[in-house]
1. Where in the stretch 165-242 are the helices (runs of 4 or more DSSP H), entirely inside, with at least 3 residues that are surrounded by fewer than 18 Cβ atoms within 10 Å (Cβ to Cβ)?
2. Looking at the stretch 39-59, which of the residues that are of a type in the set (S, T, N, Q) and buried (at least 20 other Cβ atoms within 10 Å of the Cβ) is nearest to Ser259 (Cα to Cα)?
3. Just checking, does the stretch 68-76 include any residue being part of a loop (DSSP other than H, G, I, E, B) and without any contact (Cβ under 8 Å) to a residue 24 or more places away in the chain?
4. In the stretch 27-38, how many are touching a residue at least 40 places away in the same chain (Cβ under 8 Å) and open to solvent by 30 Å² or more (accessible area, probe 1.4 Å)?
5. Only residues that are part of a helix (DSSP H, G or I) and not aliphatic (A, V, I, L, M): list them for the stretch 243-254, please.
6. Can you find a residue that is under 20 Å from Pro261 (Cα atoms), modelled with pLDDT of 95 or more and open to solvent by 40 Å² or more (accessible area, probe 1.4 Å) anywhere in the stretch 136-145?
7. Within the stretch 199-236, track down each residue that is in contact with a Ser or Thr (Cβ under 8 Å, 6 or more places away or on another chain) and closer than 23 Å to Leu101 by Cα.
Amino acid sequence: MLAAPLFAGDPRYQLSGRLAPPQQPHTLISLFGALEPFEATTESDGEHYRFRNLRAGTYTVALYVPGLGEARQTVEVGRGTADGQRRVTFDLQFKESDFVLNDAVRRRNTVSTRQLAISDVALNEYRQAAKDLEKHEVDSAVNRLEHAVQLAPQFADAWNTLGTIAYQTQRYARAEQCFRNALEQDPRAYEPLVNLGGVLINNGKLEHALIYNQDAVLQRPNDALANSQLGLTYFQLGNFDLAVKFLEIARRIDPAHFSHPQLVLAEIHLRRGENHAAAEVLEDFVQHHPDYPTADKIRENIVKLRQ
């Protein structure tokens, strides 16, 4: 929500790690661009996973386990987290309580007549769009998704993906429209709910953002994105106490989260004259985001705040 990714000469990286505890062979691991459109999926051997040829940036790693659902964590890929061979090691260590049944799983178990009516052509366009995103062919992906929702206006997942791409490319009015369309087609869907809560902040509709982000936190109290967005909403509404509460929850759940809760926490501490507290959260931030564009300046400020 707060910054764009940094690319330097577009070097490519490998991301790999262990699954702890081990899972069944062929367990699916997905990787999503947090700040730019990207999507990829790989099968693990049950104990290890690997993604190759990645651009530097912030990603969300998602582990899907049948019967449990999906768990997600943020990872930074870049010079500051890679070794000399441009390899980033990131082990996935999830507790059972970290898993939630995502919208796709829920719809698979409770398919409505309207969702069943989605044509094979629309479904194929959706799948091909995911392959386009893996190749960073964003325009092609958007065209396929637009065709999918033209063929099947009830296709909530396609609407949500369109909204996510629009958000990541700073087309916030379009993103809001797409997320609203997704919720209209599937009112129980979580992803467009929390995504709408985020884009409403960008569009300055704070009272409406508060409603959606509160709802998201009630539905998934352990979702870092929902807590971070609720904290940011309270911050912009001037309620610093509640802002700190939810931003700290987000930081605890996912310290490297792409919404950067530490930066808002630091701003609150600075406004309150709490320089040492501000230095602590900024230190936590640069530890998890070593390649942030202004990381060196932040480190200089940390030294001054501790004097």
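The values are calculated or read from the model by the stated rules, or taken from the named source; none is laboratory data. These numbers were taken from a predicted model, which means no experiment stands behind them. A quick note on method: Cβ atoms are made from the backbone with ideal geometry, for glycine too, and the neighbour counts reach across all protein chains shown. Just so you know, the surface numbers come from the protein's heavy atoms only, side chains and all, with ligands and any DNA or RNA stripped out. Shrake-Rupley method; radii C 1.70, N 1.55, O 1.52, S 1.80 Å.
1. Working: elements: 172-185, 191-202, 206-219, 224-236.
Of the helices (runs of 4 or more DSSP H) lying wholly inside the stretch 165-242, those with at least 3 residues that are surrounded by fewer than 18 Cβ atoms within 10 Å (Cβ to Cβ) span 172-185, 206-219.
2. Of all residues in the stretch 39-59, those of a type in the set (S, T, N, Q) come to 41-42, 44, 53, 58.
When the remaining residues are screened for being buried (at least 20 other Cβ atoms within 10 Å of the Cβ), the result is 44, 58.
Working: Ser44: 28, Thr58: 10 Å.
Among residues in the stretch 39-59 that are of a type in the set (S, T, N, Q) and buried (at least 20 other Cβ atoms within 10 Å of the Cβ), the one nearest to Ser259 (Cα to Cα) is Thr58.
3. In the first step, residues of the stretch 68-76 are kept if they are part of a loop (DSSP other than H, G, I, E, B); the result is 68.
Filter again for without any contact (Cβ under 8 Å) to a residue 24 or more places away in the chain, leaving none.
No, that holds for no residue.
4. The number of residues fulfilling the criteria is 1.
5. Filtering the stretch 243-254 for residues part of a helix (DSSP H, G or I) gives 243-253.
Scanning the stretch 243-254 gives Lys245, Phe246, Glu248, Arg251, Arg252.
6. Keep residues of the stretch 136-145 that are under 20 Å from Pro261 (Cα atoms), which gives none.
Looking through the stretch 136-145, none of the residues is under 20 Å from Pro261 (Cα atoms), modelled with pLDDT of 95 or more and open to solvent by 40 Å² or more (accessible area, probe 1.4 Å).
7. Here is the first cut: in the stretch 199-236, the residues in contact with a Ser or Thr (Cβ under 8 Å, 6 or more places away or on another chain) are 201, 206, 209-210, 213, 222, 224-225, 228-229, 232.
Answer for the stretch 199-236, where residues must be in contact with a Ser or Thr (Cβ under 8 Å, 6 or more places away or on another chain) and closer than 23 Å to Leu101 by Cα: Asn213, Asn222, Ala224, Leu225, Ser228, Gln229.
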